[in-house]
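Values quoted throughout were computed directly from the atomic coordinates according to the rules given, and no laboratory measurement underlies them. Owing to the predicted nature of the structure, the values given are computational and were not obtained by experimental measurement. Neighbour counts are summed over all protein chains in view; Cβ atoms, including those assigned to glycine, are modelled from backbone coordinates with ideal geometry.
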Amino acid sequence: MAGDRNTLRRTFTEDPALYDRARPGYPPELFDEIAPGSRVLEIGCGTGQATVPLAERGCQVVAVELGAEMAAFARRKLAGFPQVEVVNAAFEDWPLPPEPFDVVLAATSFHWIDPAVRVAKTADALRPGGTLAVISTHHVSGGTAGFFADVQRCYEKFDPDTPPGLTLKPSTSLPSDAAEVDASGRFGVSRFRRYEWEFSYSTQEYLDVLSTYSNHRALPAEARAGLFGCISSLIDGRYGGRVVKRYLTLLRLSERR
């Protein structure tokens, strides 16, 4: 529901330094799909994890970020790039500038934008032939597979919303979905790029990254402490203090008609 979405998306603003340190970022080659020197509108830049590689490729970026703390952190991080402007605003309310953009980028943020607004407003922000680039990141089967099977018992004990018997899906089972932009009639046929990669975490690093996820942050303090204690004991006791997580990063490129 919209109220739940608005509440959860604001949890990211609570600890920008942790978010910037713990989140693993994106495959660098992904950003080569965005034309160097483009004029880019970035929705939900967070701490600038996608903004920096855009700026390094010569893009001029206007980054709109809902959280004041996140926006301030991103400004400090991007201070060496004069072609980047960070705006503290909700994308839904932010007035589009007169000059259209070559690219609108949403890196793991598009699903947080009001569905009634996001496709139409991104189309309005683009020049004809401009590109909507949406990045989504998915946890898929692989890595330390035994841990991710065992850890479900921790979630079932401490998080009542956990579906019983939940298992990770292989990356090949995740569809390349463009139904929403297709239905709008504002964009042509979407192109997709898929990147599979792995990241190794110590026990504390894994707990840190979990602490940046909205559903974990939204747990009652006692349940979250119990869950994290259970996970910590499992990693240290059975997996030698380190686990590997496998990701699928999906890039969808849709050209404005």
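Can you pull the one-decimal nm distance between simple spin-label points at residue 162 and residue 76, each 7 Å off the Cα toward Cβ?
Each label point is offset 7 Å from its Cα along the Cβ direction, giving 3.5 nm.
Computed over the Cα atoms, what is the radius of gyration of the stretch 165-255 divided by 2.2 N^0.38 Å, N being its residue count? Please report the intermediate quantities before stating the final value.
Details: Rg = 18.0 Å, N = 91, 2.2 N^0.38 = 12.2 Å.
The stretch 165-255 yields a ratio of 1.47.
Roughly how far apart, in whole Å, are the Cα centres of the stretch 140-183 and the stretch 26-73?
Each part reduced to its Cα centre gives a spacing of 28 Å.
For residue 157, which lysines qualify as cross-link partners when the Cα separation must be under 25 Å and same-chain residues fewer than eight apart are set aside?
Answer for residue 157, where 25 Å is the Cα cut-off: 169, 245, listed by chain and number.
Assuming 0.36 nm per residue, please report the length gained on full extension of the stretch residue 172 to residue 191 beyond their Cα-Cα distance.
Numbers: separation 19, 0.36 × 19 = 6.84 nm, distance 1.65 nm.
Gain on stretching residue 172 to residue 191: 5.2 nm.
Please state the charge dipole magnitude for the stretch 47-176, taken about the Cα centre, from unit charges on C-beta atoms (+1 on K and R, -1 on D and E), reported in debye and rounded to the nearest 20.
On the way: 10 positive and 14 negative charges, 67 e Å.
Here the size comes out at about 320 debye.
For the chain, what log10 I(q)/I(0) values come out of the Debye formula at q = 0.10, 0.12 1/Å, with one point per alpha carbon and no solvent?
-0.53, -0.76
Of the options 160, 172, 210, report the single residue whose Cα projects farthest towards the positive end of the charge dipole of the stretch 151-216 (beta-carbon charges: Lys, Arg +1; Asp, Glu -1).
Toward the positive end, the furthest listed residue is 172.
Which of the listed residues, 244, 47, 107, is farthest toward the dipole's positive end in the chain, when Lys, Arg count +1 and Asp, Glu count -1 at the beta-carbon?
Most positive-ward Cα: 244.
Note down the magnitude of the dipole of the chain about its Cα centre, charges +1 on Lys and Arg C-beta and -1 on Asp and Glu C-beta and zero elsewhere, to the nearest 20 debye.
Values: 29 positive and 32 negative charges, 62 e Å.
Around 300 debye, computed over the chain.
Give me P(r) over the stretch 210-257, computed from all C-alpha to C-alpha distances, binned every 10 Å, as integer percentages.
Calculated over all Cα pairs of the stretch 210-257, the distribution is 19, 34, 26, 12, 8, 1 percent.
Under 10 Å, Cα contacts only: if you run a Gaussian network model on the chain, which one of 72, 218, 89 comes out with the highest mean-square fluctuation?
Between 72, 218, 89, it is 218 that shows the largest mean-square fluctuation.
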